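Q: Starting off with a structure, shown below.
The values are calculated or read from the model by the stated rules, or taken from the named source; none is laboratory data. Here the structure is a predicted model, which means the values were calculated and not measured. Reconstructed Cβ throughout: ideal geometry from the backbone, glycine too, with neighbour counts over all protein chains shown.
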Amino acid sequence: MKGDKSKANDRIKKLRELIADYRYYYHVLDESIMSEAAADSLKHELTQLEEQYPDLITPDSPTQRVAGAPIPGLHPIEHSVPMLSLNDVFNEVELAAWVKRIKKFLPPSARLEYFMDLKMDGFAAALVYEDGILVKAITRGNGRVGEDVTANVRTIESVPLRLRGAAGYEHFLKGRTEVRGEIVMYKADFAKLNEARALKNLPLFANPRNTAAGTIRQLNPKLVAERPLHFHSYDILRSDASEVATNDFAYKAMRKLGLRANAATQLAKDTKGILDFANQWEKARSKLPFNTDGLVIKVNDRSLFTRLGVVGKAPRGAVAYKYPAEQATTKVKDIFISIGRTGSATPVAILEPVLVAGSTVQMATLHNESEVKRKDIRAGDTVIIHKAGDIIPEVIEPLIKLRTGAEKEFKMPLDCPECGTRLTKLKADDAVWRCPNNNCPSRVWKRVQHYASKAALDIEGLGEKNIIALVEAGLIKDAPDIYELRKEHILGLDRFAEISATKLVNAIQSTRNPPLARFLYGLGIRHVGVQTAVDLANRFKRLDTLGNATFNDLRMVEGVGDIVAESILFWFEDDDNRRILAKFRSLGVWPQDVKTVGGKLLGKKIVITGSLESMSREEAAEKVRMLGGTFQSSVGKDTDYLVVGANVGASKLKKAKTLSVTQITEKDLVKLLQL
Ligand code: IVH
């Protein structure tokens, strides 16, 4: 057995090699073999191991140096004033510490205001104008010396070759004016570029920033002109600094002079104001045309900013407020098979807990056997995890170079790990293996969980843990069994006391005659979601009628295609399902028939955009459905009304306009929903 230190040394060596590869590709070849966040995550692990074993630190470790190699062929030019970098803050506490620190350096009388802009994920450049004419464009380089990329930058449409004259700003057209900003490639342009490359079988670019950087730093201006790039300015410098007293004014001046600057800037008085702005953009940023991973916050008064000075390579008077990274690296501890409600056998990675996008991730679905094989994910691998906002975390890829040989290749089991039944595929070319045993314990508790879930019977107190306990105690074998549960049975389990047991039994008993749509959805028929269940209920009115419907009857229902119709037929023909229905019936648990001949909104299709004040989207959707209408998630040709709430996205409104969909207000909706 190897000792811990020797194991750490092996890992350190591997991490260093991979990080060195990343840096070489990134800085020298303008290519990216992984995201910056993933590389940061690896550097973090390396730093931790080196902290634990300081004698293993070598001078060539990536933790010990900062540098990048210049591209040969571009002429170096020294910056008039260094192009600095920014220190990062990641949360409220670090932000408050920054504010406190700068206040220490300033007299108490100083009135501090903070200027905020989005931090664009692009490539920094300085434009030098002499008497209003563009004479030089220089990359950031190492901050002190950059590269001459004038010919390339001249091809960018948003860079004025001559500054515009504007009343009150004439002096900027005299002498030297330097404008700094970020060269960005928009996400949509990047996607198009890669699509075109894919068609031509050319290697794909890694991300918009690298593509922008690579484009600007190559030697053929014609090629640059073919790639859509934009320049967003964030700073303007004059030899007499007093001409630009605040950053707020700098942005105004840049716009007056014909330069593009972000419209989303704002001033804040304190950390609360900064955090409000940060929160406002955290979600909305995905809708921006360019990538951004945070904000830049600068002291607005530029004389105070200068007074605050520079520490290392970063000004004290500014910080980058970074959103939580959406990628990180971690280890796959194991891969297990999760059996779903419909029997699907899904490989799931158990991960060493890792913080991604603000929350801890310890599991990620690997979707199916072929996906695991395609990505070659093995137990023991270090992998890159991606998670954005509320989306389900995903394993992007294993870092093959970090393998030790002890990783275990994934093998799909032949039998269901829960009940031992041989796994099958519905069709030979299906990606998904299934456990065909309707009574498989995992399928049972997931079925009951689905039946009790909010959108189905909405039974309070019947969550995952309680259901598993009831199944394990042998008290329930399927959804109908819950109606036979008595307080005395439940009290025998550790999880329950007198009150909670009574509450649960009452909650269950109150759902004996549910609305047909909810019951139908609760049965968990494959491909029957909430809306389809509502449409089926409105069409067939009674469960028995639906159970006897033919393929053609089913196909007549809106939104029911061949696959859904087949799945419904299949469900009602299955013996186990018939037994379940018979049991419900014998217990007197049965859905109400749909009585309304059709509500006020029968046949109407409604989309809500933005947020509503008087109700949640879910409430609105439920009411629309109750009145016979359809709640759609996005505007289509057949949409009847678009309800425009607060904070509306421009894209939905634009689409509604082009499709000439009637737009109504929340008030109009409330009127429509009145019985
Ligand atoms: S202001 C002291 N504003 O971020 C530098 N920079 O990490 C202050 N960046 O090199 C620059 N968006 O290239 C500023 N709205 C923005 C920015 C921005 C992106 C880049 C810039 C700088 C880097 C610092």
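Q: Of the conditions (1) outside any loop (DSSP other than H, G, I, E, B); (2) surrounded by fewer than 15 Cβ atoms within 10 Å (Cβ to Cβ); (3) touching a strand residue (DSSP E or B) at 6+ places or on another chain (Cβ under 9 Å), GLU558 satisfies every one except a single condition; which number is it?
A: Answer for GLU558: the failing condition is (1).
Q: Next up: Using beta carbons and a limit of 7 Å, which pairs, at least six apart or on different chains, have the first residue in segment 476-501 and among the polar types (S, T, N, Q) and the second one not in a helix (DSSP H, G or I)?
A: These pairs meet every condition: SER500/GLY461.
Q: Let me ask something else. For segment 268-339, give me every one of the strands (runs of 3 or more DSSP E) that falls completely inside it and has 1 or more residues that are away from the ligand (no atom under 12 Å from the Cβ) and touching a strand residue (DSSP E or B) at 6+ places or on another chain (Cβ under 7 Å).
A: Result: 327-339.
Q: Here is a follow-up. Working carefully through the options VAL624, VAL670, find the one that is part of a helix (DSSP H, G or I), without any contact (Cβ under 8 Å) to a residue 60 or more places away in the chain and surrounded by fewer than 19 Cβ atoms within 10 Å (Cβ to Cβ).
A: Of VAL624, VAL670, the one residue that is part of a helix (DSSP H, G or I), without any contact (Cβ under 8 Å) to a residue 60 or more places away in the chain and surrounded by fewer than 19 Cβ atoms within 10 Å (Cβ to Cβ) is VAL670.
Q: So which residues in segment 261-306 are of a type in the set (Lys, Arg) and either touching a Cys at 6+ places or on another chain (Cβ under 7 Å) or modelled with pLDDT of 95 or more (or both)?
A: Selection gives LYS269, LYS272, LYS298, ARG302.
Q: For the list (1) touching a helix residue (DSSP H, G or I) at 6+ places or on another chain (Cβ under 9 Å); (2) within 16 Å of the ligand (Cβ to nearest atom); (3) at positive phi, I need the number of the one condition that GLY141 fails.
A: Here GLY141 meets the rest and fails (1).
Q: Could you list, in sequence order, all residues of segment 1-44 that are of a type in the set (D, E, K, R), in contact (Cβ under 8 Å) with a residue 24 or more places away in the chain and in a helix (DSSP H, G or I)?
A: LYS5, ASP10, ARG11, LYS14, ARG16, GLU17, ASP21, ARG23, ASP40, LYS43, listed by residue number.
Q: Identify all residues within segment 563-608 that are over 27 Å from ALA621 (Cβ atoms) and either among the β-branched types (Val, Ile, Thr) or more than 41 Å from the chain's Cα centre (by Cα) (or both); write none if there are none.
A: ASP575, ARG578, ARG579, ILE580, ALA582, LYS583, ARG585, SER586, LEU587, GLY588
Q: Within segment 497-506, does at least one residue satisfy the condition of being crowded, with 20+ Cβ neighbours inside 10 Å and more than 17 Å from TYR451 (Cβ to Cβ)?
A: yes
Q: Please verify whether segment 349-358 includes one or more residues that are acidic (Asp, Glu) and not in a strand (DSSP E or B).
A: Scanning segment 349-358, I find no residue that is acidic (Asp, Glu) and not in a strand (DSSP E or B), so the answer is no.
Q: Mind checking which strands (runs of 3 or more DSSP E) fall wholly inside segment 627-667 and carry at least 2 residues that are among the aliphatic types (A, V, I, L, M)?
A: The strands (runs of 3 or more DSSP E) meeting that bar are 641-644.
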